[in-house]
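To keep things clear, I will list the structure first and then write my remarks on it.
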Amino acid sequence: MNKIYGSAAEALDGVLADGMLIAAGGFGLCGIPELLLQAIKEKGTKNLTFASNNAGVDDFGIGILLQTKQVKKMISSYVGENAEFMRQYLSGELELEFNPQGTLAERMRAAGCGIPGFYTKTGVGTVIAEGKEHKEFNGETYILEEGIFADLSIVKAWKADDTGNLVFRKTARNFNPPAAMCGKVCIAEVEEIVPRGQLDPDNIHLPGIYVHRIIQGDHEKRIEQRTVRQREEA
Amino acid sequence: MAWDRNQMAARAAQELEDGMYVNLGIGIPTLVANYVGDKDITLQSENGMLGMGPFPFEGDEDPDLINAGKQTITELARTSYFDSATSFGMIRGGKIAAAILGAMEVSEKGDLANWMIPGKLVKGMGGAMDLVAGVGRVIVVMDHTNKHGESKVLKECTLPLTGKAVVDLIITNLGVLEVGHKGLHILECAEGVTPDEIRAATEATIV
């Protein structure tokens with residue numbers, strides 16, 4: 001079965017629909033599925049809900065879908081880098097559900113593992129716990145959080161083989177594996193597709209069972225906060 | 001006299017022990033890394049890395065290698081990478097010995113508020129709620145009072161909480177306070193600061 005598609009637009013054909021819940025990988029602008037986001041913008045799909053740790057910046061990442069008002073709701077832990085996001089949120093055009101970062105990651109991972117809910121100490125005694133079931137285990141209070149079962153997952157990896165086995169690079173792995181696991185369909189965009197046998201089976205970060213469609217493309221990989229030290233220091 | 005940012009960071013570094021895995025927050029906590037000396041400390045970056053190195057030299061920046069503040073960083077010989085679910089698994093699972101964080105308010109019961117001011121722009125809690133709920137020890141480093149001169153160490157927090165009864169130690173420009181069962185204990189005063197001066201600057205109960 002062929003998983004390789006010619007472009008992001010082709011890979012999205014037949015799986016993208018108005019109103020769907022999309023889980024997206026990435027942390028800040030690091031390891032985001034930038035080509036698939038651009039293609040979703042061009043397709044004009046509306047009323048999307050994104051489960052994604054962040055919302056990009058105004059002109060990159062999910063930010064480009066905010067400009068075209070294609071996003072109805074964000075499920076995120078931190079959205080501070082995006083002026084258009086704040087404008088739409090404060091004017092009531094955009095719904096926002098804040099999740100603690102680890103809770104968001106675990107909600108994705110859990111759903112991908114067939115676990116509809118789990119108990120966590122994170123957020124107990126805060127606004128996050130309001131309206132959620134509380135339960136004691138060994139004298140400590142936990143709250144129930146639910147898995148995120150997404151309609152579609154879009155992720156970015158470094159390399160794939162033609163069977164969809166993925167390898168990530170450095171901290172660009174971040175939310176990509178849990179996001180990939182929680183969708184009915186997962187599309188991965190990568191920098192390089194290699195033939196099967198070229199990746200070390202002992203060093204596959206995400207097995208191809210989770211990945212249904214793959215595209216290769218050129219990535220801008222924008223840096224959000226360029227910080228350096230002077231050579232004299234060393 | 002009171003401690004400056006670097007002196008507060010240096011004092012916080014004294015709390016770290018050889019072999020610890022530690023998560024440092026943004027701001028003064030980041031400076032703590034400069035004062036660990038010979039101690040074998042492994043820094044966690046919650047976006048998926050253990051063994052965080054310093055900022056890169058100019059020209060060596062890698063867009064695939066950033067810290068939780070989205071800044072470019074470097075790796076070390078000991079570095080390992082993993083996904084966000086694994087990263088917060090080790091946080092939630094109590095494997096990280098300590099987190100050193102900034103704060104807007106801390107209460108005498110160890111409640112922490114550091115993510116949201118109602119009516120102001122809310123950016124989100126990021127990983128702060130997971131960290132304070134999960135790590136072994138939570139150390140807050142902050143100025144003792146706000147810019148209006150009001151105590152940030154309170155009987156009860158007024159801002160929405162990041163965690164309830166989670167703070168173990170408070171290091172401010174005036175000294176070091178431990179969160180006890182009946183209130184705060186002064187463990188140490190900054191150079192030239194008296195216990196009475198700390199009491200006068202503190203709204204919370206000091207026992």
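The values are calculated or read from the model by the stated rules, or taken from the named source; none is laboratory data. Predicted model only: the values in this text are computed from it and were never measured. Cβ coordinates were reconstructed from backbone atoms using ideal geometry, including for glycine residues, and neighbour counts include every protein chain displayed. Please note that ligands, DNA and RNA were not included when accessible areas were found on the heavy atoms of the full protein model with its side chains. Shrake-Rupley method; radii C 1.70, N 1.55, O 1.52, S 1.80 Å.
Values for this structure:
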read-out: Check on A:Asn176, touching a residue at least 60 places away in the same chain (Cβ under 8 Å), closer than 30 Å to A:Met1 by Cα and not charged (D, E, K, R); value: yes
read-out: Only one of A:Glu106, A:Glu95 that is closer than 27 Å to B:Pro160 by Cβ and surrounded by fewer than 23 Cβ atoms within 10 Å (Cβ to Cβ); value: A:Glu95
read-out: Selection within segment A:57-70 - within 19 Å of A:Ser91 (Cα to Cα) and open to solvent by less than 10 Å² (accessible area, probe 1.4 Å); value: A:Ile62, A:Gly63, A:Leu65, A:Leu66, A:Gln70
read-out: Selection count, segment B:132-172, where residues are of a type outside the set (D, E, K, R) and within 8 Å of another protein chain (Cβ to nearest Cβ); value: 7
read-out: Any hit, segment A:129-146, residues being in a loop (DSSP other than H, G, I, E, B) and in contact (Cβ under 8 Å) with a residue 24 or more places away in the chain; value: no
read-out: Count - residues of segment A:186-234 that are within 23 Å of the chain's Cα centre (by Cα) and of a type outside the set (A, V, I, L, M, F, W, C); value: 20
read-out: Search result, residues across segment B:14-37 that are surrounded by 14 or more Cβ atoms within 10 Å (Cβ to Cβ), free of Cβ contacts under 8 Å to residues at least 60 places away in the same chain and part of a loop (DSSP other than H, G, I, E, B); value: B:Gln14, B:Val36
read-out: Qualifying residue in segment B:82-105 (condition: open to solvent by 10 Å² or more (accessible area, probe 1.4 Å), among the small types (Gly, Ala, Ser), farther than 25 Å from A:Ala24 by Cβ and not in a loop (DSSP other than H, G, I, E, B)); value: no
read-out: Whichever residue in segment A:58-93 is aliphatic (A, V, I, L, M) and at pLDDT below 95 and, among such residues, is nearest to A:Pro177 (Cα to Cα); value: A:Val79
read-out: Scope segment B:120-145; condition open to solvent by 30 Å² or more (accessible area, probe 1.4 Å) and free of Cβ contacts under 8 Å to residues at least 24 places away in the same chain; matching residues; value: B:Lys120, B:Leu121, B:Lys123
read-out: Looking only at segment A:171-209, and only at residues there that are part of a helix (DSSP H, G or I) and among the hydrophobic types (A, V, I, L, M, F, W, C), the one that is most open to solvent (accessible area, probe 1.4 Å); value: A:Ile209
